[in-house]
Amino acid sequence: MSELKLQQCRLDGRYDILECLGRGSYAEVYLARDAAAGGGSPQMVVIKALNLFLQGSIDLELEHTLIENFRNEAVALDRVRHPNIINRLGHGTAIDMSGQTFHYLVLEYLPGGDMAALCRSQPLPLDRALYYLDQICDGLAHAHEHNVIHRDIKPQNLLLTADREVVKIADFGVAKIEAGEGLITRVGTDVYAAPEHHPLMQAGVYGTGSLTSPVTLLTPAADVYSLAKTAYMLLTGEAPRRFSQRPITDLPAHLADAPWASFVLRVLRRGTETNPAKRYQSVREFWDELSDALMPKTQLLTQLNGEETRALSQVKGHSQRLAPLPPEPSPAQFERPDEQPRQMGGAKVRPRIVVPVALAQPPAQQTTAAEQAIARTPPEQKVQKSPNQQEVVSKSKERGGLMPRKTWFTEHARPWIVAILLLAGFALLLLGIQYQVRSRQRSAPAAASTTTGAPAPNAGSLQAGREMTTTTNVNLRSGPGRNYNRVGEVEGGSRVRILQVNGNWCEVEIMQRGFPRITEESADRGWLDGTRLR
């Protein structure tokens, strides 16, 4: 045995090796700190190093196979990136302290341990086992969709995050890429491996007599077999060693009487069939059947007798009984008033007439003679009425209030009120338009005089050489108009001399300011609005 010398050293000038997490047949796993991690990248990583001489000297063919498998793992991990599959962060080739060359992969660090250790420490509750199986099936189905078959699914290769809320599939070292091509190689773990690539079997038909033809191609059903054996351990807490190389046929004694035991056993039995054609052909199909088998059993309603029905259910350990149903109503209650009397017990039974309670009875003084005659008429004669009698009854009901009476307002006044409101709204709209038109007409002359330079009503007093006084603070412009730049400000009460006139605008020179200068940068000469002068 020749172990790599990597303790307390920096690998490739970046990864500080902290400790060895474990060793396999031809690989060593180390915990390291990434000295170049930044931008949210994880600082703690796992270095998986390939050591060809860990078990002693090997031949060239085995060395070539191990190197190809190591590269194959990197390719597979890049192809099947998924939240429930371990991430590959990098790879490379380095030399250890003794000068031995090796290849390595950089993987994410999952400090929560593996599912095998978790199941051994304490049995998983049923809902927790389903929670993990859902994630495992999701990640494995994603790998199959990208033509990657893991071939070594087992609890030891299912790693957990630090909070043990997320499980991820690891160790794709023997994964098969493009599964439909090429012959099957013998890999996997004895207890969990499918018969078609079991490490202890020879190529050809599995020696059980159940296979009808040699199996030469690998399918996702191989991973379904290992997944079903893994589900057995998660649900029972026991490794399926007694079912090595054969289907699961029973559950442990402490689970045999569980309500879901027979349903789950049926799913696990089909998932571990020796013949791949008889298994579930996809992980999705296996998960759908398993999750349905573990659903709570439906409680049936039990009918005690013909008069009442009680539902028996268990709520927090106490039985509850529903209130008895009301007694079945008599058939006479459903008879219509216009039906003929029926024979019951040898005597005629008159039909019952049900009158709505909410409707008020008509006043006694308004009851007409025709209504009284109709009320005294036997049911046999009420069925056939003359047209005159029907008209009298309908008018009587309308006057008595049994039918809603159409008032004069609902028939005539309401349409007129709606029409008046519409006319009033149209008139208000016309008045608003007229007001806007007149306002624009009044403002048009003033706007025209400002834009065209026409003299305003007081333009006659604006003459060059004349001195005038500003009525208020007014801006000085560089030209005759508000579009020119502002060059200063003249205070109200200032004396100015008009230099030239252009419409309402005057070029002035400030003779005396009414107040101290507002700003030091204000000019003493410029154009201002002549309407602000007197």
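Brief remarks on what is shown
- Selected residue (criterion: farthest from the chain's Cα centre (by Cα)) from residues of the range 128-152 that are of a type in the set (Asp, Glu) and farther than 16 Å from Glu289 by Cα: Asp152
- The set of residues in the range 470-494 being surrounded by fewer than 15 Cβ atoms within 10 Å (Cβ to Cβ) and either of a type in the set (Asp, Glu) or not in a loop (DSSP other than H, G, I, E, B) (or both) consists of Arg486 alone.
A quick yes/no check of all residues on (1) modelled with pLDDT of 90 or more; (2) in contact with a Leu (Cβ under 9 Å, 6 or more places away or on another chain); (3) polar (S, T, N, Q); (4) not assigned by TED's automatic domain parsing to the domain that holds Gln100:
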{"residue": "Leu4", "(1), (2), (3), (4)": "no, yes, no, yes"}
{"residue": "Asp16", "(1), (2), (3), (4)": "yes, no, no, no"}
{"residue": "Gly24", "(1), (2), (3), (4)": "no, yes, no, no"}
{"residue": "Val29", "(1), (2), (3), (4)": "yes, yes, no, no"}
{"residue": "Asp34", "(1), (2), (3), (4)": "yes, yes, no, no"}
{"residue": "Gly38", "(1), (2), (3), (4)": "no, no, no, no"}
{"residue": "Val45", "(1), (2), (3), (4)": "yes, yes, no, no"}
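- Tally, over the range 483-534, of residues that are farther than 19 Å from Arg466 by Cβ, of a type in the set (D, E, K, R) and either modelled with pLDDT of 90 or more or touching a strand residue (DSSP E or B) at 6+ places or on another chain (Cβ under 6 Å) (or both): 2
- Here Thr230 clears all of (1) β-branched (Val, Ile, Thr); (2) surrounded by fewer than 23 Cβ atoms within 10 Å (Cβ to Cβ); (3) within 24 Å of Asp114 (Cβ to Cβ) except the condition numbered (2).
- Checked against (1) in contact with an Asp or Glu (Cβ under 7 Å, 6 or more places away or on another chain); (2) touching a residue at least 40 places away in the same chain (Cβ under 8 Å), Arg88 meets all criteria but (2).
- Which listed residue is assigned by TED's automatic domain parsing to the domain that holds Arg279 and at pLDDT 95 or above, from His142, His198: His142
The values are calculated or read from the model by the stated rules, or taken from the named source; none is laboratory data. Keep in mind that what you see is a predicted model, and the values were worked out from it rather than measured. No Cβ is skipped: glycine too gets one built from the backbone with ideal geometry, and neighbour counts run over all protein chains shown.
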